[in-house]
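Derivation of every value follows stated rules applied to the coordinates shown; laboratory data play no part. Note that this is a predicted model, so its numbers are computed, not measured. Every residue, glycine as well, gets a Cβ built from its backbone with ideal geometry; the counts of neighbours run over all protein chains shown.
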Amino acid sequence: MAASKAPERPISPHIQIYRWPLPMMMSILHRITGAGLYVGTLLMAWWLIAAASGSNAYTTFGSFINSFFGRLILFGYTWALLHHMLGGIRHLIWDTGHGFEPNEREWLSLATALGSIALTLLLWVIGYLTMGGAR
């Protein structure tokens, strides 16, 4: 009896073949920013504890947050907060039963991404102008 050859089957889509839709990427990023907000909340708790602990502790916190690395973390925290908020608004729109058409899903996802970047930059520019520039 002749050996039978296994039938050829299509290759399953995987990360190298499958194109990730923008709503899926925004959903994953929404979860990542939620985890990042946890770390940022620890930073906020450090700020409050330092303020309650006295001038030495607050000076230590201030020197960290005013460093380049501290400002970078604070900038990332601001972006994560705004991105997570806009993602929540996008989900709220979906909860009302709207925005499920393919072009609407793409538009809402793009608005979430671009809106979070624009709002972060706007907030930081306003903050710097209000504080009198970089210190």
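The stretch between W94 and S67 holds 5.7 nm of extra length on full extension. This uses 0.36 nm per residue minus the Cα-Cα distance. Projecting the Cα atoms of L48, Y58, Y128 onto the dipole axis of the chain, where Lys and Arg carry +1 and Asp and Glu carry -1 at the beta carbon, places Y58 farthest toward the positive end. Counting other Cβ atoms within 10 Å, which trypsin sites (Lys or Arg not before Pro) in region 47-120 have at most 15 and lie in a DSSP loop? Nothing satisfies the criteria.
For the chain, the longest principal axis of the Cα atoms and the long axis of helix 22-53 meet at an angle of about 20 degrees. Which of (1) 7.9; (2) 15.1; (3) 8.7 is the computed mean projected area of the Cα convex hull in nm² for the structure on display? The listed entry that was calculated here is (2).
Within region 33-135, the chymotrypsin sites (Phe, Trp or Tyr not before Pro) that combine a DSSP coil assignment with at most 16 other C-beta atoms in a 10 angstrom radius are F100.
Magnitude of the charge dipole for the chain, about its Cα centre and with charges confined to Cβ atoms of Lys, Arg (+1) and Asp, Glu (-1), is about 320 debye. Cα axis of helix 55-65 to longest principal axis of the chain: angle in degrees, 0 to 90, nearest 10? Helix 55-65 and the main axis of the chain meet at about 40 degrees.
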